[in-house]
Amino acid sequence: QVQLVESGGGLVQAGGSLRLSCQASGRTFSSYAMGWFRQAPGKEREFVAAISWSGGATFYADSVKGRFTISRDNAKNTVYLQMNSLKPEDTAVYYCNAESHITAVQALTNGPASWGQGTQVTVSS
């Protein structure tokens, strides 16, 4: 089991950048594919990005492709989401979660996984 704590959110103007961190504790972090998800006010949670256990494969939602970069540092038990060229529509609470394989990460979006508190990202116009 992996426990995850998100951080790094904040208030930023459109066009700005933020770097989110997801710090993990628990057994065998490097064996998990990881993902970032977000939920905007009044909307369902949506998938943002995924990364394989090795970091060698990534996948992004079309809405963030070319602007966001997911990465991980297994030595630090941390996964990151570098968010550039932020838009007001990126405003949401951002969550991370873990799955056994990168192909299963997106399915976490509306699945039975537990979710932490997330970190709030607010992008002003």
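The values are calculated or read from the model by the stated rules, or taken from the named source; none is laboratory data. These numbers come from a predicted model, not from an experiment. Neighbour counts run over all protein chains shown; Cβ positions are idealised from the backbone, glycine included. Only protein heavy atoms, including side chains, enter the accessible area calculation; ligands, DNA and RNA are left aside. Shrake-Rupley method; radii C 1.70, N 1.55, O 1.52, S 1.80 Å.
Rolling a 1.4 Å probe over the heavy atoms of the protein chains gives region 1-62 an accessible area of 56 Å² per residue. Placing R0 at 30 angstrom, the Cβ-Cβ distance between Thr28 and Ser63 gives a FRET efficiency of 0.45 after rounding to 0.05.
Think of region 42-125 as a dipole: +1 on every Lys or Arg Cβ, -1 on every Asp or Glu Cβ, centred on the Cα centre; then among Ala107, Cys96, Gln82, Gln82 lies furthest on the positive end. The alpha carbon convex hull volume per residue for region 78-125 rounds to 105 Å³. Counting only Cβ charges, +1 for Lys and Arg and -1 for Asp and Glu, the dipole size of region 34-84 around its Cα centre is about 80 debye.
Rounded to the nearest 500, the 222 nm mean residue ellipticity of the chain from helices alone is -500 deg cm²/dmol, with -39,500 (n - 2.57) taken per DSSP H run of at least 4 residues.
Cβ-Cβ distance of Glu44 and Thr122, R₀ of 22 Å, FRET efficiency by 1/(1 + (r/R0)^6): the value works out to about 0.70. The phi-based Karplus calculation (6.51 cos²θ - 1.76 cosθ + 1.60; θ = phi - 60°) puts the 3J(HN,Hα) values of region 86-99 at 5, 10, x, 6, 7, 4, 4, 8, 9, 10, 10, 7, 10, 8 Hz, whole numbers, x for Gly and Pro. Solvent-accessible surface of region 84-124, taken per residue with a 1.4 Å probe and all protein chains present: 49 Å². The aspartates and glutamates whose alpha-carbon is closer than 15 Å to the alpha-carbon of Lys65, local same-chain residues fewer than 8 away aside, are Glu46, Glu89, Asp90. Using all pairs of distinct alpha-carbon atoms, the Kirkwood hydrodynamic radius of the chain works out to 14.2 angstrom.
Here region 77-125 and region 7-33 have alpha carbon centers that stand 8 Å from each other. Be a star and scan region 53-92 for residues whose amide nitrogen sits under 17 Å from the point 7 Å along the Cα-to-Cβ vector of His101. Once the point is set 7 Å along Cα→Cβ of His101, 53-59 turn out to lie under 17 Å by backbone N, inside region 53-92.
With only Cα atoms counted, region 14-85 has Rg and Dmax values of 12.6, 38 Å.
For the peptides 31-38, 105-112, the ranking by mean Cβ contacts within 10 Å, running from highest to lowest, is 31-38, 105-112. Could you work out the local net charge near Gly118, counting Lys and Arg as +1, Asp and Glu as -1, over the other residues with Cβ closer than 15 Å to its Cβ? Around Gly118, the charge tally is -1.
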